[in-house]
Amino acid sequence: MLAPDGTPCTGDTRGLLQRAHIVVDKVRRISKECDRRWEDGEDADAIEFEPPNYDKEEEKDSSGCSIAREQLIRTIKKIGFRELERQKCNRSTLQKICKREMVRNSLLNEYECKINLYRKELK
């Protein structure tokens with residue numbers, strides 16, 4: 001709940017409370033099943049149990065991927081796509097980076113090195 005002034009509630013909040021707004025980005029249907037090993041209580045492998053996911057689209061494995069730092073995004077926008085394409089950077093990858101989408105870490109490091117090298121050449 002929210003306090004009357006719209007801030008989150010604390011222990012000393014008084015007055016008429018407001019509803020907090022929640023934004024859902026994706027709905028996932030999962031089952032209510034649990035691993036039977038939880039009932040036994042002593043099996044450490046039960047911690048790794050994941051309930052079945054019934055979504056039609058496959059979840060993309062994001063291991064080895066990350067989102068670019070804000071400084072790199074600003075530098076790309078400052079230099080411009082066309083100039084970076086001349087430095088052998090792919091336009092669609094640059095667009096992904098600027099849209100804050102997941103990009104492979106190795107590719108992100110490669111582009112960051114290319115951009116830093118380009119900036120040093122300008123000085």
Note on the range 95-108: residues surrounded by fewer than 12 Cβ atoms within 10 Å (Cβ to Cβ) and of a type outside the set (D, E, K, R) are Ser106
Taking the range 81-120 and keeping residues free of Cβ contacts under 8 Å to residues at least 24 places away in the same chain and touching a strand residue (DSSP E or B) at 6+ places or on another chain (Cβ under 6 Å) leaves Lys96
Going through the range 77-123 in order, the residues found to be under 24 Å from the mean Cα position of the chain (by Cα) and among the aromatic types (Phe, Trp, Tyr) are Phe81, Tyr111
Apart from one, (1) outside any helix (DSSP H, G or I); (2) at pLDDT 75 or above; (3) among the small types (Gly, Ala, Ser) all hold for Ser62; the odd one out is (2)
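In a helix (DSSP H, G or I) and modelled with pLDDT of 90 or more - does that describe any residue in the range 42-50?
Looking for residues that are in a helix (DSSP H, G or I) and modelled with pLDDT of 90 or more, one finds none in the range 42-50, hence no.
The values are calculated or read from the model by the stated rules, or taken from the named source; none is laboratory data. Here the structure is a predicted model, which means the values were calculated and not measured. As a convention, Cβ positions derive from the backbone with ideal geometry for all residues, glycine included, and neighbour counts pool all protein chains shown.
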